[in-house]
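Accompanying notes for the structure given below.
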Amino acid sequence: MVDTDVSRSRTPQRSLSSRSWAVILGGAILPVLIIAAWQLTTALGVFTIAQLPSPEMVWTAAVDLFDRGLLTLDVAISTQRVIIGFVIGAALGLGAGALVGLSRASDILLAPTIGALRAVPSLAWVPLLLLWLKIGEESKITLIAIGAFFPVYTTVTGALRHVDRQLVEAGRAFGLRGVRLFTTVQLPAVIPSVISGLRLALAQAWLFLVAAELLGASMGLGFLLSDSGTNGRLDRILLAIIMLAVLGKLSDALIGLLEKWAARRWS
Amino acid sequence: MSHTADVSTDLTGTDATGTGPTGADPTGAGVRDRDELRAGATTAGPSAPAGNTAYTVEFAGVGRTFAAEPVLRDVTLTVAPGEVLAILGTSGCGKSTLLRIAAGLDAPSTGTVRIDGSAVDGIDARCAVGFQEPRLLPWRTVSANVALGLPRGTRRDAGAARVAQLLELVGLSAFAGHRPREISGGMAQRASLARALARNPGVLLLDEPFGALDALTRLKMQDLLLDVHAAAPTTVLLVTHDVDEALQLADRVILLGREDGRAGATIRQEVVVPGRRPRDRGSAELAELRGRLLAGLGIERHGQPRGLPSTSTVPHFPY
Ligand SMILES: Nc1ncnc2c1ncn2[C@@H]1O[C@H](COP(=O)(O)OP(=O)(O)OP(=O)(O)O)[C@@H](O)[C@H]1O
Ligand SMILES: [Mg+2]
C-alpha cells in the first residue's frame, strides 16, 4: 500500500521538476536579452545617461544604497507592509466571503454594500486614509488590506455558492452542522479557489503598497521611487522598479506552488 | 462512471479461486465468502458501537408537493423493527423523495413520519442514508469517507478498526487510501454503502444502492447486505427499480405509483414476500410475484412468466 503510493507520487514529481527547470530557463531568456540590449544601447551612446542610465550604474546605485543599509531597509519595510496588509485583508475577505457565501441573510444584508465599496477606485481612499490615520503605518496597511480584501472576498463567495449541494446534504445527513459542516465539506471544497483568490490578493497588495508609499512615506520602495523622482535619480527609479518586479514575482511564485499543491490535494 | 474498470476489478475480487489477474487486488479484498462475512460481522463486538437497535418507522398520511405539483400523497405505512422493506416504482414517482422525508432531509407537506414513536423533525441521527449517487468527498480517501459515517464520539482506534472492517466487507480494503476519483463508479457506490453502515443505524435508508454495479457484483452485494442485516438487525428501507432485487432482499415490497386520474404517487401494491432469506432466486413463487409487480410497473407479461426461462442463467444459489 505505502510502497505503491510512494512510487506513484515520486515518478510524476521527478518528470515535473525536470520540466520545470526547462520552464525556468525559458522564462529567463527574455530578461537576459533585455539586459543585453540595455547594456548595448547605453554603451553605444544611443541614449544619454540622463535619458537611460546603464545597467552598471543601476548596479552601483544598488550597491551604494545597500552599503548604507537603505536598500535592505526599504525592501524590508515594504515587504512587511505587504505581508501585514495582505494577512489582514485576506483574513477579513475570507470571513466576509464565508458569511455572505454561506448565509442567505448576510448575503442580502452585506453583498450590495461590499459590492459598492469594491467599485471605489483604490486611489480614492488615499486622501481619506491620510486624514483619518495620518501618514503612519496604519494608513498604508489599511490601504493594502483594502486591496487584498476584495479578490479574496469575491472568490470565496463565488466558490461557496457553487459547492456541490449533494455533498453538503450528505454531510448534513451524517450529522454535520455549522462549523463542523463548514470545515468538513464547504471549506475543503473551496480551498483551491481560495488560494487562487489569495494569489490575486497578493498581487493587488503590491500594487496598493506602491500607491500608499508614493503618496506619503519616509521609507519603502514606493518612497524610493517618489524620492528619486524629485531628485532626478533615474538609476534609483529603475532599481526600485526592478526590485518591485522581483519581489512581486517571487511572492507570486511561492503562492503558485501552494496553489498547485492545493489543486492536487483538494480536488 | 466507468463500468469497464469496475468489471475488471470486481472480477478479481469475486474470483474465489484466485485465477484472475493478480496485482489489482493484492490483499485479496474482493467480496468475501459468505461464512467469512458473517463471522466478520459478528466478531465486530469490540469495535462496533454498542447497542444496535432496529426502530419502527411509521408513515402517517405522508404527502409531498413541489411547487403546487403533488409528487407523493397519502402514504401510510408501518415498517416493523428489523424489517426489510423494498420500495419499487417508476422513475420520478417519488421514491427518493419518500426516503429523504424519512431521513429528515426533506419535510412532508402533509402527514408525519415517526421513528420509534417520535416524529422526525430535521435530520435524524437514528437514520443512515445511502444516496442514489455515491456523494463521496473528493478530497478524502475512501477510508476517510467511510469514517465520516461513524457515529459521533466513536473512539479513534475503534473507528479505524470499524472502517477497516467495513472496507473489507465491501471489498475495498486495497483501495482504502485511494481518492474517490481513482476508483470506479461501482466501487464508489460500495464505499458509500460502507459509510452508511458505519453509522450502525437503527434505520438504514438505501436509495438504489446497487444501481451502478455490474450484474455479478450486484448479486454479491445483495448477499452482503443480507449478511450485514442478519448480523446486526436494523430496519431497512431499500429503494430499487429492480423487481428481482426487491424480491430477493425484502420481507415486504411496496409499489409506488399514481392511481388513475389522481396526481401524486401513493402505495399501489403491497406484497409480503414469502419464504426466509436467502431465497432461491429462481423459485416459481417469486416468479409469480415478479410478474405481478412488473405488471404494476406497467410492463406487459409475455405469456409465460419471464422468470422460468431465466432460471437456467441464474447461478444455483448458494453458489
Ligand atoms: N427539490 C425538488 N424540487 C422540485 N421538484 C422535485 C424536487 N425533488 C424532487 N422533485 C420532483 O419530484 C419527483 C420525484 O422525484 P424523486 O427523485 O423522488 O423520484 P424517484 O422516484 O427517486 O426517481 P428515480 O427512480 O429516477 O430516482 C420528480 O418529478 C422530481 O422532479
Ligand atoms: Mg431516486
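The values are calculated or read from the model by the stated rules, or taken from the named source; none is laboratory data. Everything quoted here is computed from the prediction, not taken from an experiment. Note: ideal-geometry Cβ built from the backbone for every residue, glycine included; neighbour counts use all protein chains shown. For the accessible areas, the whole protein counts, side chains as well, though only heavy atoms, and no ligand, DNA or RNA atoms are used. Shrake-Rupley method; radii C 1.70, N 1.55, O 1.52, S 1.80 Å.
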Requested in this report: Would you mind working out the magnitude of the charge dipole of region B:29-272 relative to its Cα centre, with +1 at each Lys and Arg C-beta and -1 at each Asp and Glu C-beta, to the nearest 20 Debye?
Outcome: 760
Report task. Could I have the simple spin-label model distance between B:Ala230 and B:Arg152, label points 7 Å from Cα toward Cβ, reported in nm to one decimal? Result -> 3.6
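Can you give the convex hull volume per residue for the Cα atoms of chain A, as a whole number of Å³?
That works out to 175 Å³ per residue.
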Query - Net charge contributed by nearby residues that have their C-beta within less than 12 Å of B:Val239 (K/R +1, D/E -1) - result: -2
Requested in this report: Summarise the accessible area of chain A (1.4 Å probe, protein heavy atoms) by the percent that is carbon and sulfur.
Outcome: 72
Query - Counting all C-alpha pairs of region B:120-198, share separated by more than 16 Å (%) - result: 45
Query raised in the report: Per residue in region B:94-124, which ones lose no less than 10 Å² of accessible surface when going from chain alone to all protein chains (1.4 Å probe)?
Result: B:Arg100, B:Leu105, B:Ile123
Query raised in the report: From the square roots a ≥ b ≥ c of the eigenvalues of the alpha-carbon gyration tensor of region B:125-167, which class results: rounded (a/c under 1.5), prolate (a/b over b/c), or oblate?
Result: oblate
Report task. For region B:257-270, just list the computed ³J(HN,Hα) in residue order, Karplus coefficients 6.51, -1.76 and 1.60, θ = phi - 60°, integers in Hz, with x standing in for Gly and Pro. Result -> x, 7, 8, 3, x, 10, 6, x, 7, 9, 6, 8, 9, 9
Report summary line: Computed over region B:131-182, protein heavy atoms only, probe 1.4 angstrom, the accessible area per residue in square angstrom equals 40
Query raised in the report: What accessible area, summed over both chains, is buried at the B-A interface (1.4 Å probe, Å², nearest 100)?
Result: 2000
Query raised in the report: When the Karplus curve 6.51 cos²θ - 1.76 cosθ + 1.60 is applied with θ = phi - 60°, which whole-Hz ³J(HN,Hα) does each residue of region A:133-143 get, with x for Gly and Pro?
Result: 10, 6, 8, x, 5, 4, 5, 5, 5, 4, 4
Query raised in the report: Relative contact order for region B:29-272 using alpha-carbon pairs under 8 Å, separation at least 6, rounded to a whole percent?
Result: 31
Requested in this report: May I ask you to list the trypsin sites (Lys or Arg not before Pro) in region B:153-211 that are in a DSSP loop and have at most 12 other Cβ atoms within 10 Å of their Cβ?
Outcome: B:Arg155
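Please work out the FRET efficiency for the pair B:Ala68 and A:Leu117, using the Cβ-Cβ distance as r and a Förster radius of 56 Å; give the result to the nearest 0.05. Working shown, then result.
Numbers: r = 41 Å, r/R0 = 0.73.
Efficiency at R0 = 56 Å is approximately 0.85.
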Requested in this report: For A:Gly220, enumerate residues with amide H under 5 Å from its amide H, sequence gap 5+ or separate chain, H modeled in the peptide plane.
Outcome: A:Asp74
Query raised in the report: How much of the accessible area of region B:29-272, probe 1.4 Å, is carbon plus sulfur, in whole percent?
Result: 51
Report task. Work from the charge dipole of chain A (Cβ charges, +1 for Lys and Arg, -1 for Asp and Glu, about the Cα centre) and give the residue of A:Met219, A:Val63, A:Ala148 farthest towards its positive end. Result -> A:Ala148
Requested in this report: Find the all-direction average of the projected area of the Cα convex hull for region A:132-186, expressing the result in square nanometres with one decimal place.
Outcome: 5.1
Requested in this report: Report, as an integer, the average count of C-beta atoms from other chains found within 10 Å of each Cβ along B:131-140.
Outcome: 5
Query - Packing-based ranking, highest mean first, of B:264-277, A:133-146 given that Cβ atoms within 10 Å are counted - result: A:133-146, B:264-277
Query - Inter-probe distance in nm under a simple model that places probes 7 Å from Cα toward Cβ, at B:Ala295 and A:Gln51 - result: 10.0
Query - Label-point gap, in nm, between A:Ala91 and A:Met219 - each point 7 angstrom along Cα→Cβ - result: 2.2
Query raised in the report: Per residue of A:166-172, what is the mean number of Cβ atoms on other protein chains within 10 angstrom of that residue's Cβ?
Result: 6
Query raised in the report: Sorted by average packing, counted as other Cβ atoms within 10 angstrom per residue and highest first, what order do A:50-57, A:66-73, A:116-123, B:213-220 take?
Result: B:213-220, A:50-57, A:66-73, A:116-123
**Report entry** Highest to lowest packing among A:23-36, A:199-212, scored as the average C-beta count within 10 Å
**Finding:** A:199-212, A:23-36
Query raised in the report: Using θ = phi - 60° and the Karplus curve 6.51 cos²θ - 1.76 cosθ + 1.60, what whole-Hz ³J(HN,Hα) does each residue of region B:87-102 get, with Gly and Pro shown as x?
Result: 10, 9, x, 5, 4, x, 8, x, 5, 4, 4, 4, 5, 5, 5, 4
Query raised in the report: What's the extension gain from A:Ala36 to A:Leu254 if we count 0.36 nm per residue and subtract their Cα-Cα distance?
Result: 75.7 nm
